[in-house]
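Novice: Just dropping this structure here.
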Amino acid sequence: MSLTGTAFLYTTIVLFVVALLLPLVLWSRMRGPRALRVAARMLMLLFAQGTAVTLVFLLVNNSDNLYDNWADLLGTGNHVQQAADLGRDGTGGIAFKRLPKVKQAFQTADGPGMHAAGGVRVTQLKGRVSGVNAEVYVWLPPQYGEPAYRHRKFPVVELLPGYPGSAKAWFGSLKAHEQLLPLMKTGQVAPFILVAPRTNLLAGVDTGCANIPGTVNADSWLSIDVPKMVMDNFRAEPAPSGWAVAGYSAGAHCAVKLAVAHPDRYRAAVSLSGYNDPIGERNSLAAQSPALRAANNPYLLLKRAAAPPRIALYVSGESGDGYQAGVALQSIAKAPTTVQVVFLPRSAGGHTMALWRPQVVPSFRWLTLQMGQNRPRSAATDGSTPRSPSTVGSTHAALASGTASRAGAARRP
């Protein structure tokens, strides 16, 4: 049975109920030698505890989308077919933009939230540059299938989960497509194509979205193979102007790192409770040596850049969990690089989906403006660019929703 399937969940619930009833019915009715009765009672207690722990784990896993399948949970999954040395730019000298188009076969994705807001589709992608073979989830905005937009190309946002984490999390736990659908219909948020590729590529470790010859080419998978597939199969705007990347936790670190390292591939990045130094995730492969840490630290990459990249960064987090990382980036950013830092008070929640879910809408409103994507509400009407709201005198509620900065709150009398 599937780890995240309803059949396994319902079976576990039934077993849990049986495990509760067994001691109530049989405890005092046990017959035989004392040792046998004690052993039987211990087995009943262990059965009850085991089913209870399993049920709690399944509920948490289904809620937070931590593990997709048994291979992810047991650490036996491996989605890397090869990991050649692709060089500094991650292309291996391959003119990837000139590679022949490959039409992917898509099917309706299964799981919590996958059938909502028009449905999410999934495909198995064999990366021609990275050597990764893994699934990619795609959600199309409501305008995509409308006749008035049949010649229109759409901007794209890559969505990255934390570690451990499933590519489904942005749709299942954060409900990004459900939150954004009505705003896209009314023109408040641009009609972005949402793309969620697998980032859990190796058993028991976080790739750190890094290219490590002989181990994994996660950077090239995310910044080359996945975008090429999207461009081949959908009416997507070209990079970098039409592309952004967003993530939470370890995915937030990856989002900023990818944008800073590849301003020719991404225009903007959203970081929800991220970090700069890869050592922020102790299981990250990018934290295994000083050289790897430096090569995958967006703060150092930005500081050492020959010229400030034309990118925009949105960084939100609590004190000690993302906020300082954003302030550090902001302190060294020079035009045309821009960094918006959003302070979240402790009352907004911890390092959980409950904190990040309300950040989806504010961050996508920001993306709409930063990428020049504010469009007319329909193809036949005109519209004007919404002005960015002032943060002066912001309340804690505004801070928690991601619409203000800590500085604005500090000016409140």
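The values are calculated or read from the model by the stated rules, or taken from the named source; none is laboratory data. Everything quoted here is computed from the prediction, not taken from an experiment. Every residue, glycine as well, gets a Cβ built from its backbone with ideal geometry; the counts of neighbours run over all protein chains shown. Keep in mind that these areas ignore ligands, DNA and RNA; they rest on the heavy atoms of the full protein, side chains included. Shrake-Rupley method; radii C 1.70, N 1.55, O 1.52, S 1.80 Å.
Novice: Compute from the Cα atoms of region 168-285 the Rg and the Dmax, the latter being the longest Cα-Cα distance, and quote both in angstrom.
Specialist: 14.7, 48
Novice: Next up: Can you order the peptides 228-239, 343-354 by their average number of other Cβ atoms within 10 Å per residue, highest first?
Specialist: Per-residue mean Cβ counts within 10 Å order the peptides as 228-239, 343-354.
Novice: Relative contact order, percent, of region 205-364 when contacts are C-alpha pairs under 8 Å separated by at least 6 residues?
Specialist: Reported relative contact order: 19 percent.
Novice: Quick check of the Kirkwood formula: for region 11-65, what is the inverse mean of 1/r over all pairs of different Cα atoms, in Å?
Specialist: Value: 12.2 Å, from the Cα pair sum.
Novice: Total Lys pairs in the chain closer than 21 Å by alpha-carbon, pairs eight or more apart in sequence or interchain only?
Specialist: The number of close lysine pairs in the chain is 19.
Novice: While we're here: With both bridge residues required to lie in the chain, what share of the DSSP beta bridges run antiparallel, to the nearest 5%?
Specialist: 35
Novice: May I pose another question? When only alpha-carbon atoms are used, what values of Rg and Dmax, in angstrom, describe region 31-107?
Specialist: When restricted to the Cα atoms of region 31-107, Rg and Dmax are 25.2, 78 Å.
Novice: In what sequence, largest accessible area first, do Ile94, Ile311, Ile332, Ile279 appear using a 1.4 Å probe?
Specialist: Heavy-atom accessible area, descending, gives Ile279, Ile94, Ile332, Ile311.
Novice: Now for a separate question. Looking at region 259-373 only, what percent of DSSP beta bridges run antiparallel? Nearest 5 please.
Specialist: Taking every DSSP beta bridge within region 259-373, about 10 percent pair in antiparallel fashion.
Novice: Taking K and R as +1 and D and E as -1, what net charge do the other residues with C-beta under 13 Å from the C-beta of Met353 add up to?
Specialist: Around Met353, the charge tally is +2.
Novice: State the volume of the convex hull built on the alpha-carbon positions of region 238-358, expressed per residue in Å³ and rounded to an integer.
Specialist: 99
Novice: Go from 0 up to the bin containing the longest alpha carbon distance in region 225-297, width 10 Å each, and give me the % of pairs per bin.
Specialist: 21, 43, 28, 8, 0
Novice: Residue by residue, what Karplus-based ³J(HN,Hα) values in Hz, rounded to whole numbers, does region 164-173 have, using 6.51, -1.76 and 1.60 with θ = phi - 60° and x for Gly and Pro?
Specialist: x, x, 9, 4, 6, 4, 5, 9, x, 8
Novice: Mind ordering 260-270, 11-21 by average Cβ neighbours within 10 Å, highest first?
Specialist: Per-residue mean Cβ counts within 10 Å order the peptides as 260-270, 11-21.
Novice: A further question follows. Mind putting together the pair-distance distribution for region 4-150? All Cα pairs, 5 Å bins, whole percent per bin, short to long.
Specialist: 2, 7, 10, 12, 12, 11, 10, 9, 7, 5, 5, 4, 3, 2, 1, 0, 0
Novice: Ok, one more. Is there a quick way to get the dipole size of the chain? I mean about its Cα centre, with the Cβ of Lys and Arg at +1 and of Asp and Glu at -1; what is the value in debye to the nearest 20?
Specialist: Working: 40 positive and 21 negative charges, 88 e Å.
Approximately 420 debye in magnitude.
Novice: Pop out the Kirkwood hydrodynamic radius of region 63-139 from its pairwise C-alpha distances, inverse of mean 1/r, in Å to one decimal.
Specialist: About 15.0 Å, per the Kirkwood formula over Cα pairs.
Novice: Oh, and also: For helix 360-370, what angle does its Cα long axis make with the longest principal axis of the chain, in degrees from 0 to 90 and rounded to 10?
Specialist: The answer is roughly 20 degrees.
Novice: Related question: What net charge do the residues around Phe154 carry, taking every other residue with its C-beta under 9 Å from that of Phe154, with Lys and Arg at +1 and Asp and Glu at -1?
Specialist: So the environment of Phe154 carries a net charge of +2.
Novice: Using mean Cβ contacts within 10 Å as the protection proxy, how do 293-301, 120-128, 314-322 order, highest first? Kindly include the intermediate steps, with their values, before the conclusion.
Specialist: Numbers: 293-301: 20.6, 120-128: 19.0, 314-322: 22.6.
Per-residue mean Cβ counts within 10 Å order the peptides as 314-322, 293-301, 120-128.
Novice: Ratio of Rg to Rh for region 133-210, alpha carbon only, Kirkwood?
Specialist: My calculation of the ratio gives 1.05.
Novice: List, in order, the whole-Hz ³J(HN,Hα) value for each residue of region 181-187 obtained from phi through the Karplus relation with A = 6.51, B = -1.76, C = 1.60 and θ = phi - 60°; use x for Gly and Pro.
Specialist: My calculation for region 181-187 gives 3, x, 6, 5, 5, 9, x Hz in order.
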